[in-house]
Structures are given as C-alpha cells and as structure tokens.
1. Efficiency by 1/(1 + (r/R0)^6): what FRET value for residue 298 and residue 148, r their Cβ-Cβ distance, R0 = 51 Å, to the nearest 0.05?
2. Would you calculate a helix-derived [θ] at 222 nm for the chain, using -39,500 (n - 2.57) for each DSSP H run of n ≥ 4 and dividing by the full residue count, to the nearest 500?
3. Residues of the chain: accessible area per residue at 1.4 Å, in Å²?
4. How would you classify the stretch 27-71 from its alpha-carbon gyration tensor, with a ≥ b ≥ c the square roots of the eigenvalues: rounded for a/c under 1.5, else prolate if a/b is greater than b/c, otherwise oblate?
5. Can you work out the Karplus-derived ³J(HN,Hα) for every residue in the stretch 11-17? Use 6.51 cos²θ - 1.76 cosθ + 1.60 with θ = phi - 60°, whole Hz, and x for glycine or proline.
6. Post the alpha-carbon centroid distance, the stretch 282-327 to the stretch 109-147, in whole angstrom.
7. Just the ratio, please: alpha-carbon radius of gyration of the chain over 2.2 N^0.38 Å, N its number of residues.
8. List the residues whose amide H sits under 5 Å from the amide H of residue 54, counting only those 5 or more places along or on another chain, with H placed 1.01 Å from N in the peptide plane.
Amino acid sequence: MVHPLDDVTLLKQLDKNEMLKVIEAFPENSLNALKIFDGYDLKVNKKTFRNIVIAGMGGSAIGGTLLRDWLQPTSPIPISISKNYSLPAYVNEDTLLMAVSYSGNTEETLSALVEAKKRQATIITFTSGGNMAKYANQEEIPCVKLPVGFQPRAAIPYQFFSLAVVARKVGLVEGTWSEVDESIKILRKLRSEMNIESPYDRNMAKQIASQLRGYIPLIYGSSIHEGVAYRWNTQINENSKIPAGSNNFPEAFHNAVMASEADAVLLKHVCAILLTDPYEQAETAAKIQRFRDIMSRRFGRLIEVSAFGKARLSRIMSSLYIGDFVSAYLGLLNGKDPSSIDSINELKRSNLG
Ligand code: F6R
C-alpha cells in the first residue's frame, strides 16, 4: 500500500499555499539572500558596538536566535534577542539594534523600534514593507527589504542571511563565514532526501512525521541547538497545528528529566525528540545518553535526530531544515494546511483594538 505521505497529488492539494515548495527552495533562497543583501550599503562599518540586540517576534525572531547560537563561541560582544514592546535597559548609543518584522506591522517590534530610536542606538530594519518600512523611510533608518510573498516563518533564509550579512559587515564572522558554503551544500543534500517526491522508505522527514502522529512532541536540543529546538517547537505549532514544547541540554538534565516520573497514561501520548550534535562536548554527550535511557523507559516514544556537517552553522541549519520538513509533513498528515495562521491573525486583530 502507498504511504499517505507518498500520495504527492493529495499532498499538493492539501498544501494550498505551497509551504513544502518554499521549504524545498531553502538552499536557493539562501543563495539569493546572500546575493541581494551583500550589495546593500547599510551605513554600518566595523564600529565597535558594545552589544547587538535583535528585536522581533515569532518567525521574525528566529533568524536572530540562529545568529546568536552560531556566533556564541566567537563573538566578542553579546548578541541577544528581544521579544517584547520594550527593550532591555542596556540598549543605548553603543548598541546595534536590528529590528525585524516580516510584515512590518507587528506592534511589539514597532514599539521596540521607536524606543531604540529614542535611546540613540544604531538601527537597521528588516521588513517586506508595512509600517516598519514607512517609519524607516521617515526617520532615514536603513531598511533591508525582505522579498514579499512568504509566511514570515518560511522566509527564514532571507531573515537569517540578511542578519548574517550585517554581522559580517561589522566584523563578527571573519573566521566563520566559510561555513556558509558547507551549510548550503548540506541543505541541498538533505533536500534531495526529504522533498515531496522522495519516497517514504528513504525520506527521514516523512518517517519522523509519521512516527509523531498522535503524540505531543517535546523537543530537547543539544547545546548548539537551543534556537533550533525552539524552531521545531514553533514550526510544529504553526505548520502541524499541534501542541509541543522544547528545552535544551545541559539545562534539561536539571528539570525536564523529572517529567519522566509523570503518570504512565499521560506519558503514553508524549514523544521526546532529541536533537543531537556529533560534536557535543563529552560530559554533555555522556549525560544525553543517560537522559535518553531514562526518557525512553517512560515516554510513549523517543526519536533521535542527529545534525549533519562539520561546521557549527551546518549543524544548526541541517537540524532546523529537518524540523521544517517534518512539521509540514505532519500538518499534511493531520489534514491541515501548513501555511494557515487563523488563530495568530485572530489574536493580532484583537490586539489592535
Ligand atoms: C507567521 C509567523 C509568526 C509571525 C509573527 C510576527 O508565519 O511565523 O510567528 O512571524 O506573528 O509577525 P512578523 O513576522 O510579520 O513581524
């Protein structure tokens, strides 16, 4: 019998807004992003900022989170993500503030942007239009134009690489920029295995999606995968329309592991997803082994997904890419349009008052 995820015609019918096609185009969109954004004159140079703050919400915050995780071992200054109306007290004239809103109309991000202007931070905006583009134009703030036509979360190649190009312009990725090439090669290879035409038998993403059916996934990311684990979580919420949670190692050893003591009836419906890293530091890797043993004894199911590649960026991107595919297939298996965001829109409408 044909596996439901191999019925390509049916999948395409359900995927009304072509989320899978956009996910498949990730490598090309990454290259396109690099080409477009490299040519921008953003009026920033290797000035010594004391910190970088990336303000954004939801799908527009994830690019910054990945940048933070990628540059964490090498950046001499802190990179933090701010997801709120107001900014941390330390944002001032020594801050590089990157305000990201794909639509340009997210009220939390717009409010943070106005506050950054008052605090005299150096600002760059990233948006496809809306009120953010208008404000940037009016205040003469550099504006990186993200291409239109995407769901914000699906514009991740543009969201991430636009920020990465700026980080490069200010001198933060001198030793690590070569990682970009390897990452894109690995994304291409993974795409050839996980695309819609690739059959269930050799399609890791279709297999994981199928195994997740009927479970609530809790995702545990290795040290470098804090942002990626959260991306899996939110992609499963948004693309698959199911609840999920996330945590990361080694933090999960100090709290999340206690969930293994829950009632067996409850745990039957929970699936632990371990996002592991072949270069995890030895102490953490050993404890992940024990964590896996404890969780697999009690949780309804346990799935392990190992990152691909050597470079830190490849390991981050490969793990994220697998999650993006899994979330879309899982949504389709559940009969949902992965792109739809009715409840987010309902909330935003009520916010506007
Ligand atoms: C929708 C999505 C959301 C949005 C968020 C902020 O695809 O992922 O999480 O990203 O509601 O909106 P924007 O990105 O337009 O600022």
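The values are calculated or read from the model by the stated rules, or taken from the named source; none is laboratory data. Since we're looking at a predicted model, the values are computed, not measured. Positions of Cβ are generated from backbone atoms using ideal geometry, with glycine treated the same way; all protein chains shown enter the neighbour counts. All accessible areas refer to the heavy atoms of the entire protein, side chains included, with ligands and DNA or RNA removed. Shrake-Rupley method; radii C 1.70, N 1.55, O 1.52, S 1.80 Å.
1. Numbers: r = 47 Å, r/R0 = 0.92.
With R0 = 51 Å, the Cβ-Cβ based efficiency is 0.60.
2. Helices in the chain give a 222 nm mean residue ellipticity of -14000 deg cm²/dmol.
3. Ligands and nucleic acids excluded, the figure is 44 Å² per residue.
4. It comes out oblate by the Cα gyration axes.
5. 4, 5, 5, 5, 7, 4, 9
6. After rounding, the separation between the Cα centres reads 37 Å.
7. 0.99
8. Residues meeting the criterion, in which the H sits 1.01 Å from N, are 80, 81, 82, 98.
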